[in-house]
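Visitor: I have a structure here, written as structure tokens, and I will follow up with some questions on it.
The values are calculated or read from the model by the stated rules, or taken from the named source; none is laboratory data. Everything numeric in this text was worked out from a predicted model, so none of it was measured. Cβ placement follows ideal geometry from the backbone for every residue including glycine, while neighbour counts extend to all protein chains displayed. For accessibility, only protein heavy atoms count, side chains too; no ligands or nucleic acids. Shrake-Rupley method; radii C 1.70, N 1.55, O 1.52, S 1.80 Å.
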Number of protein chains: 2
Amino acid sequence: MCRMTGNRAWRLDAHPRGEDFASALTLIDLPEPVPAPGQVTITADYLSLDAGTRMWMTPRTDSYQPPIPLGSIVPGQVLGRVIASQADGFAPGDLVRAFGQWADISCVDAATSGLVKLDESVADPLLHLGPLGMNGWTALVGIEEVGRTQPGDTVLVSAAAGATGMLAAQIARILGARAIGIAGGARKCVFLTEDLGLDAAIDHRTPDVAAAVAAAAPGGVNVYFENVGGALLDAVLPNMAHYGRIALCGLVANYAEVQPGPARFDQVLARRLQITGFFSPDFAHRGPELTARLRTWVDKGQLTMPFAVTDGLDNLLTAYAGLFEGTNIGKTVVRVR
Amino acid sequence: MCRMTGNRAWRLDAHPRGEDFASALTLIDLPEPVPAPGQVTITADYLSLDAGTRMWMTPRTDSYQPPIPLGSIVPGQVLGRVIASQADGFAPGDLVRAFGQWADISCVDAATSGLVKLDESVADPLLHLGPLGMNGWTALVGIEEVGRTQPGDTVLVSAAAGATGMLAAQIARILGARAIGIAGGARKCVFLTEDLGLDAAIDHRTPDVAAAVAAAAPGGVNVYFENVGGALLDAVLPNMAHYGRIALCGLVANYAEVQPGPARFDQVLARRLQITGFFSPDFAHRGPELTARLRTWVDKGQLTMPFAVTDGLDNLLTAYAGLFEGTNIGKTVVRVR
């Protein structure tokens with residue numbers, strides 16, 4: 001265990017209900033941690049805010065990760081520099097990324113936290129929390145391997161103005177597919193077609209999403225990159241092409257409370273669909289290989305992502321609420337210092 | 001079109017509600033058909049009764065086959081002998097199988113009806129409607145290719161006392177897996193363990209099916225061969241092993257009326273499951289290859305199946321009701337002559 005000597009951190013005190021995080025989390029003062037053997041301490045430049053964390057705040061059986069114990073610091077991915085190291089290969093000042101905590105200073109086990117030294121030649125270090133990190137890996141594996149996207153396919157992406165979704169949609173285009181993004185509101189839809197160059201965008205607030213999908217994908221959807229679930233999945237299922245693939249990497253609609261299952265599940269049989277659940281911890285060990293491929297596209301300007309940056313650890317909850325309110329475009333992060 | 005000269009056939013006059021077929025179907029007299037060029041007529045020895053036909057009696061959008069038009073003869077697989085042929089390669093007296101009609105005499109297009117001459121060296125011609133036909137193909141493809149069953153896997157099969165299910169469970173064992181069957185009632189469960197030699201059987205009428213699955217598969221279910229859907233799928237989803245595969249070839253619970261989707265759909269993400277819809281028309285062209293493999297197991301006595309035979313075309317509706325009442329073990333057929 002790390003010893004502590006001075007630090008602020010977000011503690012989970014209760015199980016949040018719906019999107020009310022403010023009453024469940026408290027910013028507390030802690031001693032600054034000191035690493036034990038095998039550990040490093042990291043002073044955070046940026047914290048990555050991810051929708052999945054919401055799921056782990058609520059005790060649920062059978063989630064893919066145990067719930068966060070009440071009274072503990074919320075875990076999350078951190079980008080920053082090593083303060084002190086008792087782990088081989090890491091030295092003070094190294095730019096690193098790891099699963100740490102929502103805190104000024106994270107203390108992590110080198111072996112189990114996904115701790116990696118980052119390539120300082122990347123123009124903007126924030127890219128390591130976006131296209132060159134977990135969002136990028138999830139997008140690439142989902143589109144290419146899980147979805148088996150082929151040139152000419154029609155690929156539909158939900159939450160396409162979000163971090164993983166917008167990478168997935170761009171990768172679909174890079175691989176020669178036609179890409180359609182789903183997002184909430186006209187501003188995001190304009191971003192998808194104008195800024196990202198997607199072939200079409202669908203506002204999920206439109207009264208008949210199924211009809212909009214049918215109009216945008218008259219030949220059916222070959223690959224659906226799905227982050228959301230709930231009513232959106234039901235709108236897409238009858239618009240899948242036969243033998244279509246659904247790459248399921250999130251169920252945001254399901255995180256605050258369990259939703260009913262897809263009413264149009266019959267379509268999985270009728271259209272001989274394949275639905276595959278997947279998520280990034282399963283391919284984190286392939287990070288270097290995946291990052292190298294993603295970087296070639298980033299360097300050519302084919303893969304871009306805006307960051308929604310909120311300043312200050314004390315403003316984290318406002319930033320996190322923005323993720324669920326759907327106001328953010330791109331990756332939501334907190335700049336800690 | 002065939003010209004007709006003498007025949008009885010089951011006509012669909014209304015859309016059946018639930019399991020009341022009797023009021024929706026009428027046995028009518030028709031002229032005996034005469035084949036047009038490219039056609040053959042077949043006098044039926046046996047008709048295969050299949051659950052899917054029920055689905056096509058009710059108009060549904062987005063089924064995998066258009067509904068049966070009212071006023072037309074119910075389509076179905078027939079085993080019998082050619083009466084007259086205007087198609088190359090078929091001669092009067094040939095033992096054949098085809099998608100014909102629920103009738104004494106079927107008239108079929110050789111090119112589009114799956115018409116095949118059958119191997120007369122098979123001891124019991126009925127086997128061509130079971131392990132050596134569509135049920136066998138579906139079971140083999142589902143267990144081996146869709147489910148990617150590995151030696152040592154735990155394979156769970158729903159409707160395991162039914163035609164396709166019992167073949168799937170036996171093939172799982174042949175491929176080195178542990179096989180658990182789900183069926184309705186003690187008699188069927190005894191059949192599964194005593195007669196078929198499955199490793200365990202679960203009565204779906206037990207009050208807590210999920211607990212029974214958990215007890216029978218303490219390490220989780222690697223492959224679920226699913227025919228049923230509805231509440232049964234919900235009982236299985238939280239008992240799937242991580243990276244488990246669900247081979248979905250039927251949704252019997254869904255045929256009479258659309259059921260709610262799986263409430264535990266969240267498990268697809270949590271356990272990184274893969275659900276794949278598939279059905280036999282997609283691999284009918286592989287019939288010879290699949291049949292050859294199945295026959296080696298049939299000839300060794302490793303793959304067996306009882307037939308629930310009802311005599312007389314006029315008793316067809318009673319036999320068909322038995323399929324849904326769950327009283328039959330094995331393949332349900334009608335002996336026409």
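Visitor: Say a paramagnetic label sat at a point 7 Å from the Cα of A:Ala215, along Cα to Cβ; which residues of segment A:174-195 have their backbone N under 11 Å from it?
Guide: Backbone N within reach: none found.
Visitor: Starting from a label point 7 Å past Cα on the Cβ side, list the distances from B:Asp311 to the same position in the other copies, nm, shortest first.
Guide: 9.2
Visitor: Here is a further query. Between chains A and B there is a rotation axis; tell me the chain A residue with the nearest beta carbon and how many whole Å away it sits.
Guide: Chain A residue with minimal Cβ-axis distance: A:Gly261, 2.
Visitor: Taking the 0 to 90 degree range and rounding to the nearest ten, how far is the long axis of helix A:316-325 tilted relative to the main principal axis of chain A, both from C-alpha atoms?
Guide: The two axes meet at around 10 degrees.
Visitor: To one decimal place, what Kirkwood hydrodynamic radius in Å is obtained for segment A:134-281 from all pairs of distinct Cα atoms? Working shown, then result.
Guide: Numbers: mean 1/r = 0.0681 Å⁻¹.
Evaluated over segment A:134-281, this radius sits at 14.7 Å.
Visitor: Quick check: at a probe of 1.4 Å, how many percent of the accessible area of chain A sits on carbon and sulfur atoms? Don't jump to the answer; show the numbers that get you there.
Guide: Working: 6740 of 12640 Å².
Within chain A, the accessible surface is 53 percent carbon and sulfur.
Visitor: Also: Computed FRET efficiency, Cβ-Cβ of A:Glu19 and A:Ala123, R0 51 Å: what is it to the nearest 0.05? Before the final figure, lay out each step's value.
Guide: Working: r = 35 Å, r/R0 = 0.68.
Computed FRET efficiency for A:Glu19 and A:Ala123 comes out at 0.90.
Visitor: A follow-up question, please. With a point put 7 Å past each Cα toward its Cβ, work out how far A:Leu70 is from B:Arg286 in nm, to one decimal.
Guide: Going from the A:Leu70 label point to the B:Arg286 one covers 5.3 nm.
Visitor: Would you tell me the accessible area of A:Asp282, worked out with a 1.4 angstrom probe on the heavy atoms of the protein chains, in Å² to the nearest 10?
Guide: 50 Å²
Visitor: Also, I was wondering about something else. Tell me, what HN-Hα J-couplings in whole Hz come from the Karplus equation 6.51 cos²θ - 1.76 cosθ + 1.60 at θ = phi - 60° for each residue of segment A:123-131, using x for Gly and Pro?
Guide: Going residue by residue, I get 3, 10, x, 4, 4, 5, 9, x, x Hz, with x marking Gly and Pro.
Visitor: Per residue, how much accessible surface does segment A:134-281 expose to a 1.4 Å probe? Answer in Å², no decimals.
Guide: On the way: 4510 Å² over 148 residues.
Ligands and nucleic acids excluded, the figure is 30 Å² per residue.
Visitor: Over 24 Å apart: what share of the alpha carbon pairs of chain B falls there, rounded to a whole percent? Let's see the in-between values first.
Guide: Numbers: 30911 of 56616 pairs.
For chain B, the fraction of Cα-Cα distances above 24 Å is 55 percent.
Visitor: Wrap a convex hull around the Cα atoms of segment B:1-120, take a quarter of its surface area, and give that in square nanometres. Show your work: numbers first, answer last.
Guide: Details: hull surface 30.0 nm².
Averaged projected hull area, Cα only: 7.5 nm².
Visitor: Near the amide H of A:Ala201, under 5 Å away, which other amide H atoms are found, from residues 5 or more places off or on another chain, if H is placed in the peptide plane?
Guide: A:Gly181
Visitor: Report the Cα centroid-to-centroid distance between segment A:13-44 and segment B:112-154 in angstrom, as an integer.
Guide: 57 Å
Visitor: Which ³J(HN,Hα) values, rounded to whole Hz and listed in residue order, are derived for segment A:184-194 from phi using the Karplus coefficients 6.51, -1.76 and 1.60 in 6.51 cos²θ - 1.76 cosθ + 1.60 with θ = phi - 60°, glycine and proline given as x?
Guide: With coefficients 6.51, -1.76 and 1.60, one gets x, x, 5, 4, 5, 5, 4, 4, 4, 7, 7 Hz.
Visitor: Here's something else I'd like to know. With θ set to phi - 60° and the Karplus curve 6.51 cos²θ - 1.76 cosθ + 1.60, what are the ³J(HN,Hα) couplings of segment A:202-219 in order, to the nearest whole Hz, using x for Gly and Pro?
Guide: Computed from phi, the couplings for segment A:202-219 are 10, 7, 6, 8, 5, x, 10, 5, 4, 5, 5, 5, 4, 6, 7, 10, x, x Hz.
Visitor: To the nearest hundred square angstrom, how large is the accessible surface buried between A and B, total for both chains, probe 1.4 angstrom? Working shown, then result.
Guide: Numbers: alone 14030 and 14040 Å², together 25300 Å².
Buried: approximately 2800 Å² between B and A.
Visitor: Rounded to the nearest 500, what is the 222 nm mean residue ellipticity of chain B from helices alone, with -39500 (n - 2.57) per DSSP H run of 4+ residues and division by all residues?
Guide: Values: 9 runs with 72 residues, N = 337.
Dividing the helical sum by the residues of chain B leaves -5500 deg cm²/dmol.
Visitor: Regarding the protein assembly as shown, what whole-number volume in Å³ per residue does the convex hull of its Cα atoms give?
Guide: 167 Å³
Visitor: Any lysines with Cα under 24 Å of the A:Lys331 Cα? List them, leaving off those in the same chain fewer than 8 positions away.
Guide: Straight-line reach from A:Lys331, under 24 Å: A:Lys117, A:Lys188, A:Lys300.
Visitor: In what order, largest first, do A:Asp29, B:Asp314 sit by accessible area if the probe radius is 1.4 Å?
Guide: My answer, sorted largest first, is A:Asp29, B:Asp314.
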